[in-house]
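Some notes on the structure that comes next.
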Ligand code: SF4
Ligand code: SF4
């Protein structure tokens, strides 16, 4: 699937992506409920982005005993505030991993295996929550502040082509 990637070199650690993500999904600016995050080391200033690789990873889906993480087709059109973005106007159709909350028992198996620490228990709904690419308009990309940095962007992967075949 086209998935969101954060460039560790370009990211300035402003956390706007986390604000956009939580505002879209939770109705308020709550970075602790964002589905991606940037980890800024206060000593070394090294920045590490954490975002879901979707079907290119799928460790959570493999680990789920309830088959609660399902593959859904989605068309993504990242339309950020800045019209100069190179991806602006392009659409990409592929696959995303979604949590089916009606099946999730909050067992935590997926939390243990995620290599990027981007699937967690939702504190209010007590089910797993993760990146779903915002119905095709990823708000992290829209909110990434610096149009010259373009730190948060979409990437394509080979798995997407396999699923489409
Ligand atoms: S917490 Fe939910 S989605 Fe995660 S492995 Fe358990 S049942 Fe599956
Ligand atoms: S939530 Fe984590 S384990 Fe699941 S696909 Fe994304 S990166 Fe992989």
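If you check 10, 59, which single one turns out to be modelled with pLDDT under 95 and more than 16 Å from residue 132 (Cβ to Cβ)? Reasoning before the result, please.
Details: 59 fails: modelled with pLDDT under 95.
The conditions single out 10.
Among what's in the stretch 92-119 and is in contact with a helix residue (DSSP H, G or I) (Cβ under 6 Å, 6 or more places away or on another chain) and not in a helix (DSSP H, G or I), pick the residue that is farthest from residue 65 (Cα to Cα). Talk me through it step by step, then tell me what you get.
Filtering the stretch 92-119 down to residues in contact with a helix residue (DSSP H, G or I) (Cβ under 6 Å, 6 or more places away or on another chain) leaves 94-97, 109-110, 113-114, 119.
Keeping just the survivors that are not in a helix (DSSP H, G or I) gives 94-97, 114, 119.
Details: 94: 25, 95: 21, 96: 19, 97: 15, 114: 15, 119: 15 Å.
The residue in question is 94.
Quick one: in the stretch 45-80, of everything that is in a helix (DSSP H, G or I) and farther than 17 Å from residue 140 by Cα, which residue is farthest from ligand 1 (Cβ to nearest atom)? I'd like the intermediate steps shown before the answer.
Looking only at the stretch 45-80, we keep the residues that are in a helix (DSSP H, G or I), and these are 54-56, 59-63.
If we keep only those that are farther than 17 Å from residue 140 by Cα too, we end up with 55-56, 59-63.
On the way: 55: 16, 56: 18, 59: 10, 60: 6, 61: 8, 62: 10, 63: 6 Å.
Going through the qualifying residues, I end up with 56.
Hey, could you check the stretch 62-78 for residues that are modelled with pLDDT under 95 and crowded, with 21+ Cβ neighbours inside 10 Å and say which is nearest to residue 135 (Cα to Cα)?
Applying the filter and picking the extreme gives 76.
The values are calculated or read from the model by the stated rules, or taken from the named source; none is laboratory data. None of these values were measured; they are calculated from a predicted model. Because the Cβ atoms are built from the backbone with ideal geometry, glycine has one as well, and the counts that use them run over all protein chains shown.
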